[in-house]
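S.K.: Pasting in a structure now, in structure tokens, and then I'll have a few things to ask.
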Amino acid sequence: MPIYVYHIAHILGLACLFLGFGAMQSAGEIKPGMKWHGIALVIMLITGFGMLAKLGIFASMPVWVIIKIAMWLLLGVLPTLAKRKILPFSLLIPVALAITAVNAWLGYLKPVW
């Protein structure tokens, strides 16, 4: 598969992630949003590793990739933090947007440390 297919699917996964966050905030029930959230995380994980394999850097795992994986895990935990009232639901989307901005920066610039 060409790399642009992985990239488009990765961004589609990101859109599903924020769809899940929005559903969690607007619905009276958290389950539908959690389903979208989980599906999105799986899509992003598979396509992210697919892009790494296509770029030929899957084996070396640069620092920026490890940071992106840690941020992906943090995005996965955010709804649980909000559900347990550690993070207010009103901050869920702004925090997720900030994490996504850092991930986008890392993904596009691929800094070398």
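Read-outs: derived from the displayed coordinates by stated rules, not from any lab. Computed from a predicted structure; not experimentally measured. Here the Cβ positions follow ideal geometry from the backbone for every residue, glycine too, while neighbour counts run over all protein chains shown.
S.K.: Please report M71, M44 as a ranked list, fewest other C-beta atoms within 10 angstrom at the top and most at the bottom.
M.R.: M71, M44
S.K.: What are the lysines whose alpha-carbon lies under 21 Å from the alpha-carbon of K35, with same-chain residues fewer than 8 places away excluded?
M.R.: Cα-Cα hits under 21 Å: K83, K85.
S.K.: Let me ask something else. Test of understanding: ordering M24, M34 by Cβ neighbours within 10 Å, fewest first, what list do you get?
M.R.: So the residues, fewest neighbours to most, are M34, M24.
S.K.: How do K68, K35 line up, fewest other C-beta atoms within 10 Å first?
M.R.: Final ranking by Cβ density, sparse to dense: K35, K68.
S.K.: Please give the net charge around L78, taking every other residue with its beta carbon less than 14 angstrom from that of L78, where Lys and Arg add +1 and Asp and Glu add -1.
M.R.: Once all neighbours under 14 Å are counted, the net charge is +3.
S.K.: Continuing with this model, one more query. With +1 on each Lys and Arg Cβ and -1 on each Asp and Glu Cβ, and nothing else charged, work out how big the dipole of segment 3-109 is about its Cα centre, in Debye to the nearest 20.
M.R.: Its charge dipole is roughly 200 debye.
S.K.: Helix 63-83 versus the longest principal axis of the chain: what is the Cα-based angle in degrees, 0 to 90, to the nearest 10?
M.R.: 10
S.K.: A further question follows. Could you compute the FRET efficiency for S26 and W105, with r as their C-beta to C-beta distance and R0 at 41 Å, rounded to 0.05?
M.R.: Efficiency, rounded to the nearest 0.05: 0.90.
S.K.: Continuing with the same structure: Taking every eigenvalue of the Cα gyration tensor of segment 3-109, multiplying by 5 and rooting it, what semi-axes result, largest first, whole Å?
M.R.: Output for segment 3-109: semi-axes of 26, 14, 11 Å.
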